Amino acid sequence: MDELIKRVSFLDGLLNKYEIERMLGNENDKENAIVYINAGAGGTEAQDWVEMLLRMYLKWAEKEKFETEVVDLLQGEEAGVKSVTFLVKGPYAYGYLKCETGIHRLVRVSPFDANNRRHTSFASVYAYPELPESIAVDINEEDLKIDTFRSSGPGGQHVNRTESAIRITHMPTNIVVQCQNERSQHKNKAIAMAILKSRLYELEKKKQEEKMDTLNKEKKDIAWGSQIRSYVLHPYKLVKDHRTKIEEHNADAVLDGGIDPFIKACLLFLTFEQKKEDN
């Protein structure tokens, strides 16, 4: 009987995965994802929230059998992480994680407050696809400012000894990308250029969409800069997605990587809106 229950559970999970992937038919949905998380106002509290979100996404990726690689991480002065960029590699990684783009809000009793007061913290998450080699993005070398610096944090004997880390600034757009994960300056530059290519592609695509006025109000609510989800840990526990109204009271399970219900609901919402637009 236990074996039968395990098989039914496995098949249910497999069917759920196929159902989600059936909704991932848009351009670049099958690609790897580049994810950037940045702390909002709030100092150490917000930086700790970024580290919690990073852990949540890495846990989710592990459950989904995706490979992950942190390519740039800026530690907070006291605790947490100011900003982090990481890759999620595997089929449909971007299709899943595009639903996470937006502002994530945390409400809890701060572990950094001696008076045990409740704090609200914000962090922005942005996911964009790692573009395949077949997609050409014209980047003028004269528009790039390339700086090298010593990597920080854990990383072996070369950390803080050789200037292997790379920071690239695209002057016309002021987009800054950097990579310090690899010991080789050449490899770090290649990864940083790939990230820059993806960000410029997404920027141009967004400009064209705005010119054509194809984004309705609901879709704008899912865009960068919008509060998409609240994680309340005090005085009760609740995670609520403000776009789809999906709620989960087991906040600990969500923060341990259980974000599939939110992703599925978001994809259903986007699919429904696309069908409305097509009709």
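Quick notes on this one:
- For Arg229, Arg243, the ranking by accessible surface with the largest value first comes to Arg243, Arg229, using a 1.4 Å probe.
- In a reduced charge model with +1 at each Lys and Arg Cβ and -1 at each Asp and Glu Cβ, segment 44-194 shows a dipole moment near 500 debye about its Cα centre.
- When each of the peptides 51-57, 251-257 is scored by the mean number of other C-beta atoms lying within 10 Å of its residues, the order from highest to lowest reads 51-57, 251-257.
- Two-site FRET efficiency, His249 against Ile146, from Cβ-Cβ distance with R₀ of 30 Å, rounded to 0.05: 0.05
- Peptides 39-48, 138-147 ordered by packing proxy, namely the average of other Cβ atoms within 10 Å per residue, highest first: 39-48, 138-147.
- Using R0 = 25 Å, the C-beta based FRET efficiency linking Ala265 and Glu69 works out to 0.35.
- Annotation: peptides 189-202, 171-184, ranked by per-residue average of other Cβ atoms within 10 Å with the highest first, follow the order 189-202, 171-184.
- Charge tally in the Cβ shell below 14 Å around Ala123, where Lys, Arg are +1 and Asp, Glu are -1, Ala123 excluded: +1
The values are calculated or read from the model by the stated rules, or taken from the named source; none is laboratory data. What you see is a predicted model, and the numbers here were worked out from it, not measured in a lab. A quick note on method: Cβ atoms are made from the backbone with ideal geometry, for glycine too, and the neighbour counts reach across all protein chains shown. Accessible surface areas use protein heavy atoms only, side chains included; no ligands, DNA or RNA. Shrake-Rupley method; radii C 1.70, N 1.55, O 1.52, S 1.80 Å.
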